[in-house]
Amino acid sequence: MGAAANVFGPVWTVLYALMAIAAWLVWRADPRFGNPAIILYAAQLVLNLVWSPLFFGLGWRGVALVDIVLLDVVLAATLALFWKANRTAAALLIPYFAWSLFATVLNYSVWSLNS
């Protein structure tokens, strides 16, 4: 197990916990079905879920890059809606957003070096 694996596991554990708390705070503020903030939150979860198989499993670095850029855009919109609903919830998503932007740079670097 390398150093990256030692870091990524704990980081994602913390990020997913923060994401869950943030979503709960927003849902609690507006529990109606079809809450736009929760819909965007779900959309970014799907984009997040798809990225790893694209990048690591299939080795489709370019497609993964498109996915993660879309993730960043949807996540930014999610952050904006969370801010309107509950500022604490939005603040809890900031580390995840930063991590996603960092992953985007890494994805781009790997893609550009191997193209």
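Report note on the peptides 93-105, 23-35: ranked by the mean count of other C-beta atoms within 10 Å, highest first, their order is 93-105, 23-35.
Assuming R0 = 30 Å, what is the FRET efficiency of Asn114 and Phe8, from their Cβ-Cβ distance, to the nearest 0.05? Intermediate values should be presented prior to the final figure.
Details: r = 20 Å, r/R0 = 0.68.
According to the calculation, E is roughly 0.90.
With the charge dipole of the range 3-113 set up from +1 on Lys and Arg Cβ and -1 on Asp and Glu Cβ about the Cα centre, the Cα lying farthest toward the positive end among the listed residues Val7, Val63, Ala23 is that of Ala23.
How large is the dipole of the chain about the Cα centre if only Lys and Arg carry +1 and Asp and Glu carry -1, each at its Cβ, rounded to the nearest 20 debye? Around 220 debye, computed over the chain. Helices in the chain that qualify as membrane-span-like (whole DSSP H runs, Cα extent of at least 27 Å along the helix axis, mean Kyte-Doolittle hydropathy of 0.5 or higher) are 3-29, 61-85, 87-113.
Each of Asp67, Asp72 has some number of other Cβ atoms within 10 Å of its Cβ, and from fewest to most they run Asp72, Asp67.
Counting only other residues whose beta carbon sits under 15 Å from that of Ala89, what net charge do I get with K and R as +1, D and E as -1?
+2
Residue separation of Ala80 and Ala20 scaled by 0.36 nm, minus their Cα-Cα distance, works out to 19.9 nm of gained length.
Just so you know, all these numbers are worked out from the coordinates, no wet-lab data involved. Please read these numbers as outputs of a predicted model, since none were measured by experiment. Here Cβ is always computed from backbone atoms with ideal geometry, including for glycine, and neighbour counts include all displayed protein chains.
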